[in-house]
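The structure under discussion appears below in the form of structure tokens.
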Amino acid sequence: MISPSEDMSNTYFTPGSLYIAAFAQARAPHVGLIIPTSRASGCLVHIRIDRDVSPTWTYQCRTQRIESDMFISSLLRIKDVSMGSISLEQLQEAAQSVPTPQNDDFGECFPWVLAVIRKLHEMGLVALTDAEALKDEFTRFAKGNRAYARRDKFPNVAASQFCQ
């Protein structure tokens, strides 16, 4: 069982670690991977649909605010920096090697994130022990965190049992 945070001083949040991030939206959370550079922000890799750019999913890497962001609700740590760091370049390399879905179907972001995590595992950068269990763990964790998507709350943070 994962242990959610109780306050902003959570020991599961460490800049430089790798997290699966959930962002509150209407039907289900949007999902990406983030390496925080501080409590304030980090580097996010994700896919998104921007109809001005493409009618299908496109890859994006950008700076993402963490503290005081009204959409980010959950951070599940999948690699602690104390166990070895993952550089932003390594994260981007893995993310760019996973094809984006050639459709505009809702819910493609989480399967894409899981594929990136499998790629990071192949590269020896994370220790993924059970991809299906990680999927279930994150889904359960993120589902209960919508209340954290507020400017006055830090996202709920936990550490995965299935990826380190």
TODO: Please work out which option in (1) 0.95; (2) 1.20; (3) 1.81 gives Cα Rg over 2.2 N^0.38 Å calculated from these coordinates, and answer with its label.
DONE: (1)
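Over the chain, how many pairs of lysines fall under 17 Å by alpha carbon, counting only those 8 or more apart in sequence or from different chains?
Values: K79/K119; K79/K135; K119/K135; K135/K143; K143/K153.
Counting lysine pairs in the chain gives 5.
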Open item on the list: Out of the chymotrypsin sites (Phe, Trp or Tyr not before Pro) in the stretch 44-109, which ones are loop residues according to DSSP with at most 15 other C-beta atoms within 10 Å?
Closed with: F106
TODO: Springs between alpha-carbon atoms under 10 Å, Gaussian network over the chain: tell me which of L75, L33, L120 tops the mean-square fluctuations.
DONE: L120
Open item on the list: With just the Cα atoms defining each centre, how far is the stretch 32-55 from the stretch 114-164? Give it in Å.
Closed with: 15
Task: Within a Gaussian network of the chain (alpha carbon springs, distance under 10 Å), most fluctuating of R51, R77, R151 - done: R51
Open item on the list: Please check: in the Gaussian network model of the chain (C-alpha springs, under 10 Å), which one of V31, V98, V45 has the largest mean-square fluctuation.
Closed with: V98
Task: Separation in nanometres of the label points that stand 7 Å from Cα toward Cβ, at T11 and E67 - done: 2.1
TODO: Go through the stretch 15-23 residue by residue and turn each phi into a ³J(HN,Hα) via Karplus (6.51, -1.76, 1.60, θ = phi - 60°); whole Hz please, and just put x for glycine and proline.
DONE: x, x, 7, 9, 10, 7, 10, 10, 10
- [ ] In debye, nearest 20, what is the charge dipole magnitude of the chain about its Cα centre with +1 on Lys and Arg Cβ and -1 on Asp and Glu Cβ, if you could check?
- [x] 340
Task: Cα→Cβ-extended label distance, 7 Å offset, between T56 and S85, nm - done: 3.6
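All of the numbers you see were taken from the coordinates with simple rules; none came from a lab. Being a predicted model, the structure only gives us computed values, none of them experimental. Note that we place each Cβ from the backbone using ideal geometry, even for glycine, and neighbour counts take in every protein chain shown.
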